Amino acid sequence: MSRRIVTLVSVTLYFVLIISFTIIGFASLIVGAVGLANFIPTYTTFKTYRNNTCLIVDIDDDWCPNTGYCVMWSVEYYVSNATYTQLLFSTIVNRFDSTAKAMQKLDTYDIITSQICYYDSKKLVNVQWEEPASPTPYFFMMIIGLSLNVAYIIGITFCSFFQSKQVPE
């Protein structure tokens with residue numbers, strides 16, 4: 001009788017362990033996949049944008065239908081490489097939920113001032129005020145998720161191996 005109880009507890013613990021590992025494995029696979037899916041485009045964007053100084057030449061602001069308040073800065077900036085220096089003119093357009101947020105940004109980025117901006121090194125006229133998002137959080141998300149998934153596979157393999165080695169009495 002006691003042997004049956006021990007067997008029942010052993011089998012129950014085995015299935016609880018397998019189910020727990022499976023839940024953790026699938027969750028970590030999802031976390032790793034989402035991290036990988038977000039890491040790749042964020043990394044490429046982060047690496048293509050370069051820091052520069054933009055001179056604000058003109059500002060236009062107005063209420064945009066259905067989107068809030070729009071502000072458009074006309075800027076000029078120099079892009080240099082080993083063979084040439086090029087003066088570029090472009091626009092930075094931002095949409096704001098409220099006029100208060102727009103006015104705060106307008107105070108920061110006023111006309112005839114030089115401000116830090118970021119331009120796309122592949123398409124030089126794409127320029128923005130904010131630095132592109134860092135891919136580091138997605139990298140850690142990917143590494144942790146995929147590492148836990150490897151641990152899941154190893155854990156399931158050990159459980160299956162030791163379960164198959166048990167000799168029935």
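Reported count of residues in region 24-81, each being more than 18 Å from residue 101 (Cβ to Cβ), aromatic (Phe, Trp, Tyr) and part of a strand (DSSP E or B), is 3. Restricted to region 150-169, and to residues there that are modelled with pLDDT under 75 and assigned to a helix (DSSP H, G or I), the residue that is nearest to residue 20 (Cα to Cα) is 159.
Surrounded by 11 or more Cβ atoms within 10 Å (Cβ to Cβ), under 27 Å from the mean Cα position of the chain (by Cα) and closer than 30 Å to residue 152 by Cα: does that describe residue 32?
Values: surrounded by 11 or more Cβ atoms within 10 Å (Cβ to Cβ): yes; under 27 Å from the mean Cα position of the chain (by Cα): yes; closer than 30 Å to residue 152 by Cα: yes.
Yes: the conditions hold for residue 32.
Identify all residues within region 6-23 that are under 22 Å from residue 164 (Cβ atoms) and modelled with pLDDT of 80 or more; write none if there are none. Hits for region 6-23 are 12, 13, 15, 16, 19, 20, 22.
Residues checked against (1) out of contact with any strand residue (DSSP E or B) (no Cβ under 8 Å at 6 or more places or on another chain); (2) in the same structural domain as residue 151 (by TED's automatic domain parsing); (3) within 22 Å of residue 122 (Cα to Cα):
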| residue | (1), (2), (3) |
| --- | --- |
| 11 | yes, yes, no |
| 14 | yes, yes, no |
| 24 | yes, yes, no |
| 28 | yes, yes, no |
| 34 | yes, yes, no |
| 40 | yes, yes, yes |
| 80 | no, no, yes |
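Out of region 1-29, which residues are among the polar types (S, T, N, Q), touching a residue at least 24 places away in the same chain (Cβ under 8 Å) and loosely packed, with under 15 Cβ neighbours inside 10 Å? Outline the logic, then answer.
So the first thing to find is which residues in region 1-29 are among the polar types (S, T, N, Q), and the list is 2, 7, 10, 12, 20, 22, 28.
Imposing the further condition that a residue be touching a residue at least 24 places away in the same chain (Cβ under 8 Å) reduces the set to 22, 28.
Answer for region 1-29, where residues must be among the polar types (S, T, N, Q), touching a residue at least 24 places away in the same chain (Cβ under 8 Å) and loosely packed, with under 15 Cβ neighbours inside 10 Å: just 22.
As a summary of the residue check, residue 63 satisfies the conditions (1) surrounded by fewer than 15 Cβ atoms within 10 Å (Cβ to Cβ); (2) more than 14 Å from residue 49 (Cα to Cα); (3) of a type outside the set (Ser, Thr, Tyr); (4) at pLDDT 90 or above except for the one numbered (4).
Looking at region 115-149 only, could you name the residues that are part of a helix (DSSP H, G or I) and either surrounded by 13 or more Cβ atoms within 10 Å (Cβ to Cβ) or basic (Lys, Arg) (or both)? Outline the logic, then answer.
Let us first name the residues in region 115-149 that are part of a helix (DSSP H, G or I), namely 136-149.
Hits for region 115-149 are 137, 138, 139, 141, 142, 143, 144, 145, 146, 148, 149.
Taking region 84-114 as the search range and keeping residues that are loosely packed, with under 15 Cβ neighbours inside 10 Å, hydroxyl-bearing (Ser, Thr, Tyr) and over 16 Å from residue 62 (Cα atoms), which one is nearest to the chain's Cα centre (by Cα)? Among those that are loosely packed, with under 15 Cβ neighbours inside 10 Å, hydroxyl-bearing (Ser, Thr, Tyr) and over 16 Å from residue 62 (Cα atoms), it is 108.
In region 85-107, of all residues being under 11 Å from residue 70 (Cα atoms) and of a type in the set (Val, Ile, Thr), the one that is modelled with the lowest pLDDT corresponds to 99.
The values are calculated or read from the model by the stated rules, or taken from the named source; none is laboratory data. None of the values given here were measured: they were computed from a predicted structure. With ideal geometry, Cβ positions are generated from the backbone for all residues, glycine too; neighbour counts draw on all protein chains shown.
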